[in-house]
1. Can you name the condition, by its number, that A:LEU85 falls short on among (1) in a loop (DSSP other than H, G, I, E, B); (2) within 13 Å of B:HIS95 (Cβ to Cβ); (3) touching a Leu at 6+ places or on another chain (Cβ under 7 Å)?
2. Spot the failing condition for A:SER65; the list is (1) farther than 30 Å from B:SER7 by Cα; (2) assigned to a strand (DSSP E or B); (3) without any contact (Cβ under 8 Å) to a residue 12 or more places away in the chain, and only one is missed.
3. Please go through the range A:10-27 and give me each residue that is within 13 Å of the chain's Cα centre (by Cα) and of a type outside the set (Val, Ile, Thr), ordered by number.
4. In the range A:21-77, how many residues are within 10 Å of another protein chain (Cβ to nearest Cβ) and either closer than 23 Å to B:LEU46 by Cβ or hydroxyl-bearing (Ser, Thr, Tyr) (or both)?
5. Quick test of your reading of the structure: A:TYR59 fulfils all but one of (1) under 26 Å from B:ILE85 (Cα atoms); (2) in contact (Cβ under 8 Å) with a residue 40 or more places away in the chain; (3) in contact with a Lys or Arg (Cβ under 9 Å, 6 or more places away or on another chain). Name the failing condition by number.
6. Take the residues in the range B:61-99 that are without any contact (Cβ under 8 Å) to a residue 12 or more places away in the chain and part of a loop (DSSP other than H, G, I, E, B), then tell me which one is surrounded by the most Cβ atoms within 10 Å (Cβ to Cβ).
7. Taking the condition away from chain A (no Cβ under 14 Å), in a strand (DSSP E or B) and touching a residue at least 60 places away in the same chain (Cβ under 8 Å), does B:LEU11 pass?
Amino acid sequence: QVQLKESGPGLVQPSQTLSLTCTVSGFSLTSYSVHWVRQHSGKSLEWMGRMWSDGDTSYNSAFTSRLSISRDTSKSQVFLKMNSLQTEDTGTYYCARRDFDFWGPGTMVTVSS
Amino acid sequence: DIQMTQSPSSLPASLGDRVTITCRASQDIGNYLRWFQQKPGKSPRLMIYGATNLAAGVPSRFSGSRSGSDYSLTINSLESEDMAIYYCLQHNEYHTFGAGTKLELK
């Protein structure tokens with residue numbers, strides 16, 4: 001069955017780089033795109049960017065300068081890297097399949113020294 | 001950038017009620033509108049796609065509609081399991097979520 005699962009460090013220091021992995025199963029990254037979505041605690045959802053099935057990427061302009069999304073199709077993994085982290089980047093990070101019909105459980109990231 | 005104005009932010013309701021949540025798009029998004037339900041500690045769940053189409057496994061008491069730039073999610077005969085936060089999402093141009101509507105028992 002279709003599954004997505006995020007993994008990451010949990011705690012990141014301010015000004016450092018966040019690296020997250022979305023590991024998928026039940027579908028191919030060359031057939032479906034994958035989104036990254038962020039949610040601050042108690043707040044709304046924020047679309048961050050997308051890895052298209054052809055390997056192209058799209059980003060929310062609010063993150064363009066510090067966000068990078070890549071993938072390893074052999075491992076069925078999509079990666080998020082975001083630099084210059086600040087406390088405002090604390091939240092839960094989700095990956096979701098193309099139509100947002102399947103989501104990972106999310107991974108909590110805290111930016112703190 | 002396309003803005004999605006969602007209302008109300010909070011919606012107290014009683015079991016059995018019919019409730020409606022609305023999102024207004026700042027630009028034309030056609031029918032590129034989805035609705036999600038999110039319960040505490042859980043990932044969002046797709047409820048409606050294409051503005052009016054019920055996602056797989058979603059009860060028929062949920063429905064979506066469109067009037068111009070206004071998109072609505074209606075729940076008929078509210079049940080306790082429907083208490084959650086609901087979000088709209090436009091995906092015509094990049095993606096923008098609404099601010100959310102917290103549906104709670106009156």
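Read-outs throughout are calculated quantities, based only on the coordinates presented, and are distinct from any laboratory measurement. Only a predicted model underlies this, so the values are computations on that prediction, with no experimental measurement involved. Cβ sites come from the backbone with ideal geometry, for glycine too, and all protein chains shown count toward neighbours.
1. Among (1) in a loop (DSSP other than H, G, I, E, B); (2) within 13 Å of B:HIS95 (Cβ to Cβ); (3) touching a Leu at 6+ places or on another chain (Cβ under 7 Å), the lone unmet condition for A:LEU85 is (2).
2. Only one criterion in (1) farther than 30 Å from B:SER7 by Cα; (2) assigned to a strand (DSSP E or B); (3) without any contact (Cβ under 8 Å) to a residue 12 or more places away in the chain is unmet by A:SER65, namely (2).
3. A:LEU18, A:SER19, A:LEU20, A:CYS22
4. First pass over the range A:21-77, keeping only residues within 10 Å of another protein chain (Cβ to nearest Cβ): A:35, A:37, A:39, A:42-50, A:58-62.
From the residues that got through so far, the ones that are either closer than 23 Å to B:LEU46 by Cβ or hydroxyl-bearing (Ser, Thr, Tyr) (or both) too are A:35, A:37, A:39, A:42-50, A:58-61.
Adding up the residues that qualify gives 16.
5. (2) is the only condition that A:TYR59 fails.
6. B:HIS95
7. Answer is yes for this residue.
Per-residue answers, yes or no, for (1) away from chain A (no Cβ under 14 Å); (2) among the polar types (S, T, N, Q); (3) touching a Gly at 6+ places or on another chain (Cβ under 7 Å); (4) closer than 28 Å to A:THR57 by Cβ:
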site	(1), (2), (3), (4)
B:GLY57	no, no, no, no
B:SER67	yes, yes, no, no
B:LEU73	yes, no, yes, no
B:ASN76	yes, yes, no, no
B:GLU81	yes, no, no, no
B:TYR87	no, no, yes, yes
B:HIS91	no, no, no, yes
B:TYR94	no, no, no, yes
B:GLY100	no, no, no, yes
